[in-house]
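Heads up: the structure comes next, in C-alpha coordinates.
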Amino acid sequence: MKVSLSPKVRKRMEGLRHLQSQHDELEAQFLEERKALEAKYQKLYQPLYTKRFEIVNGLKEVEGATPTELAGIKEDQATDEKGVPEFWLAAMKTHEVLAAEIKGRDEGALKFINDIKWSRLQDPEGFKLEFYFNPNPYFKNSVLTKTYRIIDELDPILSQAIGTEIEWYPGKCLTKKVIVKKKPRRGSKIAKTITTIKKSESFFTFFTPPRIPENEDDRDDDAYDELQDMIEQDYIVGMIIRDKTIPHAVSWFTGEATKNDEAEKEGERKEGVKKDVNEDHNEEEGGKGALKKGVEEKEAEKQVEKKKNGGAQIQEGQKNGGAQIQEDQKKELPPECRQL
(Lines give C-alpha, C1' and ligand atoms only; values in the text may rest on other atoms or scores of the structure.)
Protein backbone atom coordinates (compact mmCIF):
# COMPACT_ATOMS: atom_id res chain seq x y z
CA MET A 1 0.00 0.00 0.00
CA LYS A 2 1.46 3.32 -1.10
CA VAL A 3 0.85 6.19 1.30
CA SER A 4 1.99 9.77 0.95
CA LEU A 5 4.17 10.41 3.99
CA SER A 6 5.74 13.55 5.31
CA PRO A 7 9.58 13.73 5.48
CA LYS A 8 9.55 13.17 9.26
CA VAL A 9 7.33 10.07 8.97
CA ARG A 10 9.47 8.72 6.12
CA LYS A 11 12.53 9.07 8.34
CA ARG A 12 10.76 7.10 11.07
CA MET A 13 9.76 4.44 8.55
CA GLU A 14 13.39 4.02 7.54
CA GLY A 15 14.19 3.36 11.18
CA LEU A 16 11.38 0.82 11.37
CA ARG A 17 12.65 -0.89 8.21
CA HIS A 18 16.04 -1.22 9.85
CA LEU A 19 14.41 -2.86 12.90
CA GLN A 20 12.47 -5.22 10.62
CA SER A 21 15.68 -6.17 8.83
CA GLN A 22 17.31 -7.02 12.17
CA HIS A 23 14.29 -9.14 13.10
CA ASP A 24 14.43 -11.02 9.78
CA GLU A 25 18.11 -11.79 10.29
CA LEU A 26 17.38 -13.22 13.75
CA GLU A 27 14.48 -15.22 12.34
CA ALA A 28 16.71 -16.74 9.65
CA GLN A 29 19.25 -17.59 12.35
CA PHE A 30 16.48 -19.20 14.42
CA LEU A 31 15.42 -21.39 11.47
CA GLU A 32 18.98 -22.54 10.86
CA GLU A 33 19.52 -23.37 14.52
CA ARG A 34 16.17 -25.14 14.68
CA LYS A 35 17.17 -27.32 11.72
CA ALA A 36 20.45 -28.17 13.41
CA LEU A 37 18.68 -28.96 16.69
CA GLU A 38 16.10 -31.11 14.91
CA ALA A 39 18.84 -32.98 13.04
CA LYS A 40 20.67 -33.55 16.32
CA TYR A 41 17.65 -35.11 18.01
CA GLN A 42 16.71 -37.13 14.94
CA LYS A 43 20.08 -38.86 15.32
CA LEU A 44 19.39 -39.42 19.02
CA TYR A 45 15.98 -40.90 18.22
CA GLN A 46 17.33 -43.38 15.67
CA PRO A 47 18.68 -46.02 18.12
CA LEU A 48 15.26 -46.02 19.85
CA TYR A 49 13.44 -46.39 16.54
CA THR A 50 15.79 -49.24 15.60
CA LYS A 51 15.03 -51.09 18.84
CA ARG A 52 11.32 -50.52 18.31
CA PHE A 53 11.61 -51.96 14.79
CA GLU A 54 13.42 -55.05 16.10
CA ILE A 55 10.88 -55.73 18.87
CA VAL A 56 7.82 -55.07 16.68
CA ASN A 57 9.09 -57.40 13.96
CA GLY A 58 10.24 -60.15 16.33
CA LEU A 59 13.95 -59.76 15.65
CA LYS A 60 14.71 -59.22 19.33
CA GLU A 61 12.96 -59.63 22.64
CA VAL A 62 12.72 -56.97 25.34
CA GLU A 63 15.94 -56.85 27.30
CA GLY A 64 16.59 -55.72 30.85
CA ALA A 65 14.21 -55.23 33.76
CA THR A 66 10.52 -55.18 32.86
CA PRO A 67 7.93 -52.97 34.53
CA THR A 68 6.13 -54.32 37.61
CA GLU A 69 2.82 -54.75 35.75
CA LEU A 70 4.52 -57.12 33.26
CA ALA A 71 6.33 -59.24 35.85
CA GLY A 72 3.32 -61.46 36.56
CA ILE A 73 2.41 -62.16 32.92
CA LYS A 74 3.02 -65.80 31.99
CA GLU A 75 4.26 -66.50 28.50
CA ASP A 76 2.38 -69.03 26.42
CA GLN A 77 5.07 -71.49 25.33
CA ALA A 78 2.77 -73.02 22.74
CA THR A 79 2.30 -69.73 20.88
CA ASP A 80 4.90 -69.12 18.24
CA GLU A 81 3.99 -65.47 17.75
CA LYS A 82 6.77 -63.10 16.86
CA GLY A 83 6.90 -59.41 17.54
CA VAL A 84 3.71 -57.33 17.71
CA PRO A 85 1.28 -58.34 14.95
CA GLU A 86 -0.40 -55.53 12.97
CA PHE A 87 1.45 -52.92 15.03
CA TRP A 88 1.44 -50.10 12.48
CA LEU A 89 -2.07 -50.81 11.24
CA ALA A 90 -3.42 -50.57 14.79
CA ALA A 91 -1.37 -47.45 15.53
CA MET A 92 -2.73 -45.72 12.42
CA LYS A 93 -6.34 -46.79 12.91
CA THR A 94 -6.39 -45.36 16.43
CA HIS A 95 -6.10 -41.83 15.06
CA GLU A 96 -9.52 -40.67 13.90
CA VAL A 97 -8.25 -38.87 10.78
CA LEU A 98 -6.18 -41.82 9.59
CA ALA A 99 -8.95 -44.27 10.51
CA ALA A 100 -11.27 -42.41 8.13
CA GLU A 101 -8.73 -42.84 5.31
CA ILE A 102 -8.30 -46.60 5.87
CA LYS A 103 -11.01 -48.71 4.25
CA GLY A 104 -11.86 -52.31 5.04
CA ARG A 105 -10.08 -53.70 1.98
CA ASP A 106 -6.90 -51.77 2.86
CA GLU A 107 -6.31 -53.58 6.14
CA GLY A 108 -5.13 -56.79 4.50
CA ALA A 109 -2.28 -54.91 2.80
CA LEU A 110 -1.49 -52.51 5.68
CA LYS A 111 -0.88 -55.49 7.98
CA PHE A 112 2.37 -56.03 6.09
CA ILE A 113 3.91 -52.68 7.14
CA ASN A 114 7.02 -53.37 9.20
CA ASP A 115 8.17 -49.76 9.68
CA ILE A 116 7.42 -46.13 8.83
CA LYS A 117 10.12 -43.47 8.71
CA TRP A 118 10.45 -39.83 7.74
CA SER A 119 13.32 -37.55 6.77
CA ARG A 120 13.74 -33.83 6.12
CA LEU A 121 14.68 -32.63 2.63
CA GLN A 122 16.79 -29.66 1.59
CA ASP A 123 16.80 -27.56 -1.61
CA PRO A 124 13.89 -27.45 -1.96
CA GLU A 125 12.55 -27.75 1.56
CA GLY A 126 10.18 -30.53 2.48
CA PHE A 127 10.00 -34.00 3.97
CA LYS A 128 9.64 -37.61 2.85
CA LEU A 129 7.63 -40.45 4.37
CA GLU A 130 8.75 -44.05 3.83
CA PHE A 131 6.45 -47.05 4.36
CA TYR A 132 8.34 -50.36 4.52
CA PHE A 133 6.43 -53.55 3.68
CA ASN A 134 7.13 -57.22 4.12
CA PRO A 135 6.58 -59.36 1.01
CA ASN A 136 2.84 -59.47 0.40
CA PRO A 137 0.30 -60.68 -2.15
CA TYR A 138 -0.88 -57.17 -3.07
CA PHE A 139 2.07 -55.38 -4.72
CA LYS A 140 5.74 -55.84 -5.59
CA ASN A 141 7.09 -52.67 -3.91
CA SER A 142 9.00 -53.15 -0.67
CA VAL A 143 8.94 -49.39 0.06
CA LEU A 144 6.27 -46.81 -0.74
CA THR A 145 7.26 -43.17 -0.39
CA LYS A 146 5.42 -39.85 -0.21
CA THR A 147 7.36 -36.62 -0.71
CA TYR A 148 6.14 -33.11 0.14
CA ARG A 149 7.88 -30.06 -1.31
CA ILE A 150 7.37 -26.87 0.68
CA ILE A 151 8.04 -23.28 -0.41
CA ASP A 152 8.22 -21.47 2.95
CA GLU A 153 9.21 -23.43 6.03
CA LEU A 154 8.14 -20.73 8.52
CA ASP A 155 4.66 -20.50 7.00
CA PRO A 156 4.52 -23.77 5.02
CA ILE A 157 3.04 -23.60 1.55
CA LEU A 158 2.81 -26.92 -0.23
CA SER A 159 4.20 -26.66 -3.77
CA GLN A 160 4.21 -30.34 -4.76
CA ALA A 161 3.38 -33.81 -3.48
CA ILE A 162 4.88 -36.90 -5.12
CA GLY A 163 4.04 -40.53 -4.40
CA THR A 164 5.41 -43.91 -5.42
CA GLU A 165 3.73 -45.70 -8.30
CA ILE A 166 2.43 -48.95 -6.83
CA GLU A 167 3.12 -52.11 -8.82
CA TRP A 168 -0.06 -54.07 -8.09
CA TYR A 169 -0.31 -57.77 -8.71
CA PRO A 170 -3.08 -58.74 -11.16
CA GLY A 171 -6.50 -58.41 -9.59
CA LYS A 172 -5.11 -56.97 -6.33
CA CYS A 173 -5.34 -53.22 -6.99
CA LEU A 174 -7.13 -51.53 -4.09
CA THR A 175 -7.48 -48.08 -5.66
CA LYS A 176 -9.63 -49.19 -8.58
CA LYS A 177 -12.66 -51.39 -9.06
CA VAL A 178 -13.15 -53.52 -12.12
CA ILE A 179 -16.84 -53.94 -12.92
CA VAL A 180 -17.72 -56.59 -15.46
CA LYS A 181 -21.20 -56.63 -16.98
CA LYS A 182 -22.66 -58.85 -19.65
CA LYS A 183 -25.05 -57.27 -22.09
CA PRO A 184 -27.18 -59.63 -24.24
CA ARG A 185 -26.99 -59.16 -27.99
CA ARG A 186 -30.00 -59.16 -30.23
CA GLY A 187 -30.40 -62.37 -32.15
CA SER A 188 -27.43 -64.00 -30.43
CA LYS A 189 -27.04 -66.24 -27.43
CA ILE A 190 -23.55 -64.87 -26.77
CA ALA A 191 -23.63 -61.86 -24.43
CA LYS A 192 -21.34 -58.89 -24.89
CA THR A 193 -18.90 -58.36 -22.01
CA ILE A 194 -18.47 -54.75 -20.86
CA THR A 195 -15.61 -53.97 -18.48
CA THR A 196 -15.62 -50.71 -16.55
CA ILE A 197 -12.83 -49.48 -14.29
CA LYS A 198 -13.80 -47.05 -11.52
CA LYS A 199 -11.80 -45.35 -8.80
CA SER A 200 -12.18 -46.89 -5.38
CA GLU A 201 -11.71 -45.17 -2.03
CA SER A 202 -8.54 -46.48 -0.43
CA PHE A 203 -5.71 -45.39 1.84
CA PHE A 204 -3.35 -46.25 -1.02
CA THR A 205 -4.62 -43.30 -3.07
CA PHE A 206 -2.37 -41.38 -0.63
CA PHE A 207 0.51 -42.38 -2.93
CA THR A 208 -1.24 -40.85 -5.93
CA PRO A 209 -1.76 -37.29 -4.66
CA PRO A 210 -4.08 -34.86 -6.46
CA ARG A 211 -2.44 -32.29 -8.71
CA ILE A 212 -3.52 -28.79 -9.65
CA PRO A 213 -3.97 -28.41 -13.44
CA GLU A 214 -1.33 -26.24 -15.12
CA ASN A 215 -3.85 -24.34 -17.24
CA GLU A 216 -5.85 -22.41 -14.63
CA ASP A 217 -7.88 -20.49 -17.23
CA ASP A 218 -9.90 -23.56 -18.22
CA ARG A 219 -10.54 -24.75 -14.69
CA ASP A 220 -13.98 -25.05 -13.11
CA ASP A 221 -14.19 -23.06 -9.86
CA ASP A 222 -16.21 -25.66 -7.95
CA ALA A 223 -13.95 -28.48 -9.10
CA TYR A 224 -10.90 -26.37 -8.26
CA ASP A 225 -12.17 -25.72 -4.72
CA GLU A 226 -12.82 -29.43 -4.27
CA LEU A 227 -9.30 -30.18 -5.53
CA GLN A 228 -7.82 -27.67 -3.07
CA ASP A 229 -9.67 -29.39 -0.22
CA MET A 230 -8.28 -32.75 -1.33
CA ILE A 231 -4.73 -31.37 -1.43
CA GLU A 232 -5.12 -29.84 2.02
CA GLN A 233 -6.49 -33.10 3.43
CA ASP A 234 -3.62 -35.02 1.84
CA TYR A 235 -1.08 -32.71 3.51
CA ILE A 236 -2.84 -33.03 6.88
CA VAL A 237 -2.62 -36.83 6.66
CA GLY A 238 1.10 -36.59 5.89
CA MET A 239 1.71 -34.24 8.83
CA ILE A 240 -0.18 -36.54 11.21
CA ILE A 241 1.91 -39.54 10.17
CA ARG A 242 5.12 -37.51 10.51
CA ASP A 243 4.42 -35.68 13.78
CA LYS A 244 2.13 -38.09 15.64
CA THR A 245 2.18 -41.66 14.32
CA ILE A 246 5.92 -42.17 13.79
CA PRO A 247 7.28 -40.65 17.03
CA HIS A 248 4.44 -41.91 19.27
CA ALA A 249 3.45 -45.17 17.56
CA VAL A 250 3.48 -47.19 20.80
CA SER A 251 1.10 -44.74 22.50
CA TRP A 252 -1.24 -44.85 19.52
CA PHE A 253 -1.14 -48.66 19.49
CA THR A 254 -2.09 -48.82 23.19
CA GLY A 255 -4.66 -46.02 22.89
CA GLU A 256 -2.91 -43.76 25.39
CA ALA A 257 -2.25 -41.15 22.72
CA THR A 258 -5.98 -40.95 22.02
CA LYS A 259 -6.66 -39.87 25.60
CA ASN A 260 -3.90 -37.28 25.42
CA ASP A 261 -5.19 -36.05 22.06
CA GLU A 262 -8.75 -35.80 23.40
CA ALA A 263 -7.51 -33.98 26.52
CA GLU A 264 -5.62 -31.54 24.31
CA LYS A 265 -8.70 -30.93 22.14
CA GLU A 266 -10.86 -30.52 25.26
CA GLY A 267 -8.40 -27.95 26.59
CA GLU A 268 -8.54 -26.07 23.29
CA ARG A 269 -12.34 -26.27 23.32
CA LYS A 270 -12.57 -24.92 26.86
CA GLU A 271 -10.14 -22.15 26.02
CA GLY A 272 -12.31 -21.26 23.04
CA VAL A 273 -15.49 -21.30 25.16
CA LYS A 274 -13.79 -19.17 27.80
CA LYS A 275 -12.75 -16.68 25.15
CA ASP A 276 -16.28 -16.57 23.72
CA VAL A 277 -17.77 -16.08 27.21
CA ASN A 278 -15.36 -13.24 27.94
CA GLU A 279 -16.19 -11.61 24.62
CA ASP A 280 -19.93 -12.00 25.28
CA HIS A 281 -19.45 -10.62 28.81
CA ASN A 282 -17.56 -7.64 27.46
CA GLU A 283 -20.23 -7.04 24.85
CA GLU A 284 -22.93 -7.36 27.52
CA GLU A 285 -21.12 -4.98 29.84
CA GLY A 286 -20.61 -2.61 26.94
CA GLY A 287 -24.32 -2.83 26.16
CA LYS A 288 -25.25 -2.17 29.78
CA GLY A 289 -22.87 0.78 29.86
CA ALA A 290 -24.36 2.18 26.68
CA LEU A 291 -27.89 1.65 28.03
CA LYS A 292 -27.02 3.32 31.34
CA LYS A 293 -25.39 6.19 29.50
CA GLY A 294 -28.45 6.58 27.30
CA VAL A 295 -30.78 6.63 30.34
CA GLU A 296 -28.58 9.20 32.09
CA GLU A 297 -28.53 11.39 28.97
CA LYS A 298 -32.32 11.24 28.69
CA GLU A 299 -32.70 12.05 32.39
CA ALA A 300 -30.35 15.00 31.98
CA GLU A 301 -32.37 16.22 29.01
CA LYS A 302 -35.54 16.01 31.10
CA GLN A 303 -33.93 18.01 33.90
CA VAL A 304 -32.79 20.69 31.44
CA GLU A 305 -36.26 20.81 29.89
CA LYS A 306 -37.82 20.99 33.32
CA LYS A 307 -35.57 23.87 34.30
CA LYS A 308 -36.44 25.69 31.08
CA ASN A 309 -40.16 25.18 31.65
CA GLY A 310 -39.87 26.11 35.32
CA GLY A 311 -37.95 29.28 34.46
CA ALA A 312 -40.53 30.17 31.88
CA GLN A 313 -43.31 29.63 34.42
CA ILE A 314 -41.47 31.77 36.98
CA GLN A 315 -40.91 34.51 34.44
CA GLU A 316 -44.52 34.33 33.37
CA GLY A 317 -45.61 34.39 37.01
CA GLN A 318 -43.37 37.32 37.74
CA LYS A 319 -44.74 39.11 34.72
CA ASN A 320 -48.35 38.36 35.60
CA GLY A 321 -47.69 39.06 39.26
CA GLY A 322 -46.10 42.40 38.45
CA ALA A 323 -49.02 43.34 36.26
CA GLN A 324 -51.47 42.40 39.03
CA ILE A 325 -49.53 44.47 41.58
CA GLN A 326 -49.56 47.46 39.26
CA GLU A 327 -53.31 47.04 38.79
CA ASP A 328 -53.89 46.80 42.53
CA GLN A 329 -51.74 49.86 43.13
CA LYS A 330 -53.82 51.75 40.59
CA LYS A 331 -57.00 50.77 42.45
CA GLU A 332 -55.58 52.01 45.79
CA LEU A 333 -54.72 55.51 44.40
CA PRO A 334 -57.18 58.38 44.65
CA PRO A 335 -59.23 58.93 41.51
CA GLU A 336 -57.35 62.04 40.62
CA CYS A 337 -53.99 60.28 40.84
CA ARG A 338 -54.86 57.28 38.67
CA GLN A 339 -53.34 57.14 35.22
CA LEU A 340 -55.63 56.17 32.48
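The values are calculated or read from the model by the stated rules, or taken from the named source; none is laboratory data. Keep in mind that what you see is a predicted model, and the values were worked out from it rather than measured. Virtual Cβ from ideal backbone geometry, glycine too; neighbours counted across all protein chains shown. Keep in mind that these areas ignore ligands, DNA and RNA; they rest on the heavy atoms of the full protein, side chains included. Shrake-Rupley method; radii C 1.70, N 1.55, O 1.52, S 1.80 Å.
Which parts of region 227-255 would a label at Asp155 reach, counting a residue when its backbone N lies under 20 Å from a point 7 Å out along Cα-to-Cβ?
Backbone N within reach: 229, 232-233, 235-236.
So which of Lys35/Lys117; Lys146/Lys177; Lys117/Lys177; Lys140/Lys192 end up more than 26 Å apart, counting from Cα to Cα?
In this structure, Lys117/Lys177; Lys140/Lys192 exceed 26 Å between Cα atoms.
Between Asn114 and residues 5 or more places away or on another chain, which pairs have amide H atoms under 5 Å apart, with H built 1.01 Å from N, and which residues are they?
Placed amide hydrogens put Tyr132, Phe133, Asn134 under 5 Å from Asn114.
How far, in nm, would the chain grow between Ala36 and Glu107 when pulled straight, counting 0.36 nm per residue and subtracting the alpha carbon separation?
Between Ala36 and Glu107, full extension yields an extra 21.8 nm.
Given a 1.4 Å probe and heavy atoms of the protein chains only, how would you sort Val97, Val237, largest accessible area at the top?
The most accessible residue leads, giving Val97, Val237.
Ignoring any ligand, DNA or RNA, what whole percent of the accessible area of region 81-126 comes from carbon and sulfur when the probe is 1.4 angstrom?
C and S fraction of accessible area: 47 percent.
How do the peptides 82-93, 48-59, 18-29 rank, highest first, by the average count of neighbouring beta carbon atoms within 10 Å per residue?
82-93, 48-59, 18-29
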